[in-house]
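K.L.:
Structure below; questions to follow.
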Amino acid sequence: MSWKDVAWACDPIGSFLYVTSATLMLISLDWAGGTYPWHDKHVVAPLTIGLVTLVAFAAYEWKGREDGLFAHVFFRGGPNFGLSVFAFAVEGYAAPQGIQQALT
């Protein structure tokens, strides 16, 4: 396997879109309500660009690659996609609550 094949197997385009999206959204959510008000351009612009980039990432992973960052086989048929979204939402809510209680 050549170096180019190894690099392409790591999905550099999908990785770039995902990391960019997550970074922009996390920065804007960190700034919101504290450093800047929610309606400020420093919050709205990165949040909007991050959400658009997340949609671009989802479209690229769905239609652009057969072997993206997330294996497509897990989301074909059955309730796997819905269960994954539910588990992600629960973890996103429960983990910060538990960490906050542990630190106080």
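K.L.:
Once whole DSSP H runs in the chain are found, which of them have Cα atoms spread over 30 Å or more along the helix axis and a mean Kyte-Doolittle score of at least -0.5?
P.N.:
Membrane-span-like by this criterion, though nothing is claimed about a membrane: 80-103.
K.L.:
For segment 22-70, just list the percent of Cα-Cα distances falling in each 10 Å bin from zero outward, please.
P.N.:
28, 38, 21, 12, 1
K.L.:
Report the gain in length on full extension from Phe74 to Met1: 0.36 nm times residue separation, minus Cα-Cα distance, nm rounded to one decimal.
P.N.:
Stretched fully, the Phe74-Met1 segment lengthens by 23.6 nm.
K.L.:
Pop a pseudo-label 7 angstrom from the Cα along the beta-carbon direction at both Thr35 and Val19 and give the gap in nm to one decimal.
P.N.:
2.0
K.L.:
Given N residues in the chain, what is its alpha carbon radius of gyration divided by 2.2 N^0.38 Å?
P.N.:
Normalised Cα radius of gyration, the chain: 1.34.
K.L.:
Report the residue, chosen from Phe81, Phe57, Phe70, that carries the largest GNM mean-square fluctuation when the chain is represented by alpha-carbon nodes joined by springs under 10 Å.
P.N.:
Fluctuation is largest for Phe81.
Computed from the coordinates by the stated procedures, all read-outs in this text should not be read as laboratory data. These figures come from a predicted structure and were not determined experimentally. Note that each Cβ is placed from the backbone with ideal geometry, even for glycine, and that neighbours are counted across all protein chains shown.
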